[in-house]
Each structure stands twice: as structure tokens, then as C-alpha cells.
Amino acid sequence: MLVLPRNRTLDNGRIRRNSGSTLAKTNSHGQQPSAILCSGLTRKFGGIAAVDSLDLDIPYRQVFGLLGPNGAGKSTTIKMLTTLLDPTGGTAFVAGFDLVRQQAEVRRRIGYVPQMLSADGALTGYENLIFSARLYGVSGSEAAHRIDETLELMGLQDSARRLVRTYSGGMIRRLELAQTMLHRPAILFLDEPTIGLDPVARRTVWDRLKDLRRDYGMTILLTTHDMDEADELCDELAILHSGRIAVKGAPAELKRKVGRKSTLEDVFAHYVGGTIHEGGNYRDVRSTRRTVARFG
Ligand SMILES: Nc1ncnc2c1ncn2[C@@H]1O[C@H](COP(=O)(O)OP(=O)(O)OP(=O)(O)O)[C@@H](O)[C@H]1O
Ligand SMILES: [Mg+2]
């Protein structure tokens, strides 16, 4: 398995140093370039700011979590950072490229798993992967090689020839991760990667995400309502509330701040109030995500 040193990153299938013209933006700590750097990033819908002056500075190889209640602006942030939605204010650099002026460069270096179901249930897992490979410009023997590699990585070799509508929720999410991996992105954006999954399936996805970071040096930005997930996976997280960052830091640091023996749920309740909650097969995941899409 490919192991990259700290100062290298995967760039469109090639190993590059994290420096030079494409990755010139450095973070506030000095030399180390930022995978994601935003300053005052804003998105208004009508007169209302869904994301309001967001400042983020995420180094390469970090797993960063965006938390917050429904409607806090998590998906809107991800949609901007993946170039699907134009910001109405502020600036952002993703993989060292300007989000607005260098969209094609940004897209080449990122993978995105949306909150809504993206795998096609009427196709087999393998066919879904072929489709994604074409979409990302990976073809021929290279595509076949990468598909085999990602199927193995995600533990889906034995089910690759089955229709996706027969998959469990956890298998679908792992297939969707595989789909975003084919062009070897440096940065992965995952909008609620384990929504609707049972505890076992959820843990399998967590393990695969840890593999991606460890073996491929991948930077991951994820959103979640699951405090255990944030605690287990994230090096750093930000809790969004009404489009603004209520608090940011490492999970352990945030828990310490709120009080001895505090959990992340306590941290969440402290900064935004309320509680969090959130298991299944293709239909369960589809309906959960449709509901979220309608009301989120
Ligand atoms: N296309 C749109 N037009 C108008 N308002 C929108 C649009 N997309 C999002 N919003 C609003 O922006 C705010 C933030 O929505 P967003 O989907 O980013 O929240 P979220 O944090 O992802 O919530 P959830 O946890 O439910 O997924 C909400 O008030 C939402 O209604
Ligand atoms: Mg959302």
C-alpha cells in the first residue's frame, strides 16, 4: 500500500511535494501549506446568510469535522468548497487553487460524497465504478487497475457484480467512497458519510476512512451529526451555528474547555443548545437522505 511522507500529497495520481506554485498558500502556522484555506467565506440566499464569514485553515492530512444543527450551513459550506455553489463573499483556496477562478484545478484534486445518495441502484457496483472512472477521465487498463484496487480497499470485491439496490447501507456508502477515489484526489469532502447506517456498518466506514488517511495521506473534511464519529475520526472540528463558527478545536481540547468528564454532546449542547441523534439497506438510506435533503 502506498504510504506518503508528510510533505507529499497525491495530485491526480501523481505524488507531489506540498509546495511550489500550485500549493503556494500557507496556513497561519507558517511553512506547511493548507489543504483548505478560507477567509470570510459567505453564501447568502436572498438576504439570509447560510454561511457567514467562515474562516478555516485545514492542513494536509487532517481529518476535519463540521458539526452543527440542521440548517447550520454545513452542506452549503461543502458545496462551495467543491465548486458546486458560488460563494457570495470572501475567498477560499482548495489544494492551493482559488475556488472561484481556478475551479477546474480544484475539481481535479477533490472527491465529494454528497449527503444525498449518489450510487445508482440499477447498476452493479462495478458498473457504478466504471461510470465514475469515465467521469473523472480515468480509462482503459488504468481504470481497471484502480477499480480493482479501490474495491479491495473498500472490501467490496465479492459484491462488485451485484446490483447496488441489493447492497446494505454500509456497502453503498463504501461504494460511494470508492467512486470518489478513482482519480486519486488529495482532499475528500464527505457530507454525513454514515447517515442512516447501523453501528457495525458505521464502524466499517470509519475504518476505511482511517485507511485512506494513513495509506494515501488524504485530507478529509466531513460533516456529521454523530458525536462519536466526530470524536473517533476528527483531528479538529468546528461547530457551526447559523452559518457562523461557534467554536473550533481538537475534540479533547473542546471537551476540556466545557468541563471535566464532558463529552462532545456536552460541548455541542453548550455552544448551540439542544441534542443530536440520528441505521439499513438501499431503501432506508435513500429515504433518510431524501428526508434530509427535503428538510435540511
Ligand atoms: N438552494 C437554497 N436556497 C435557499 N436556501 C437554502 C438553499 N440551500 C440551503 N439553504 C438554506 O441555508 C441554510 C443552511 O443549509 P445547509 O443545507 O447548508 O444546512 P446543513 O447544516 O447542511 O443542515 P443539515 O444538518 O440538515 O444537513 C438553511 O437555512 C437552508 O434552508
Ligand atoms: Mg446538510
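The values are calculated or read from the model by the stated rules, or taken from the named source; none is laboratory data. Quick caveat, the model's predicted, so the values are computed rather than measured. Using ideal geometry, Cβ is built from the backbone for each residue, glycine included, and neighbour counts are taken over all protein chains shown.
Here are some notes:
- Of all residues in region 105-137 being of a type in the set (Gly, Ala, Ser) and in a loop (DSSP other than H, G, I, E, B), the one that is surrounded by the most Cβ atoms within 10 Å (Cβ to Cβ): ALA119
- Candidates are the residues of region 224-245 that are of a type outside the set (Asp, Glu) and part of a helix (DSSP H, G or I); the one that is farthest from GLY68 (Cα to Cα) is LEU233.
- Index of the failed condition, ARG6 passing every other in (1) at pLDDT 95 or above; (2) away from ligand 2 (no atom under 16 Å from the Cβ): (1)
- Exactly one residue out of GLY89, GLY73 is at pLDDT 95 or above, within 16 Å of ligand 2 (Cβ to nearest atom) and not hydroxyl-bearing (Ser, Thr, Tyr), and it is GLY73.
- Filtered by the rule that a residue be of a type outside the set (Val, Ile, Thr) and either farther than 18 Å from ASP158 by Cα or in contact with a strand residue (DSSP E or B) (Cβ under 7 Å, 6 or more places away or on another chain) (or both), region 124-147 gives PHE131, SER132, ALA133, ARG134, LEU135, TYR136, GLY137, SER139, GLY140, SER141, GLU142, ALA143.
- Test result for LYS79, under 16 Å from the mean Cα position of the chain (by Cα) and either modelled with pLDDT under 95 or within 16 Å of ligand 2 (Cβ to nearest atom) (or both): yes
- Residues within region 206-242 that are more than 28 Å from TYR271 (Cα to Cα) and of a type outside the set (D, E, K, R), tallied: 4
- Criterion violated by GLN102 - all others in (1) buried (at least 18 other Cβ atoms within 10 Å of the Cβ); (2) more than 16 Å from ligand 2 (Cβ to nearest atom); (3) not acidic (Asp, Glu) satisfied: (1)
- Restricting region 175-201 to residues that are within 16 Å of ligand 1 (Cβ to nearest atom) and outside any loop (DSSP other than H, G, I, E, B), the residue that is farthest from the chain's Cα centre (by Cα): ASP191
- Flag: LYS248 matches the condition of being among the charged types (D, E, K, R), part of a strand (DSSP E or B) and surrounded by fewer than 19 Cβ atoms within 10 Å (Cβ to Cβ).
- Residue list for region 235-263, filter: hydrophobic (A, V, I, L, M, F, W, C) and either within 16 Å of ligand 1 (Cβ to nearest atom) or modelled with pLDDT under 95 (or both): LEU237, ALA238, ILE239, LEU240, ILE245, ALA246, VAL247, VAL258
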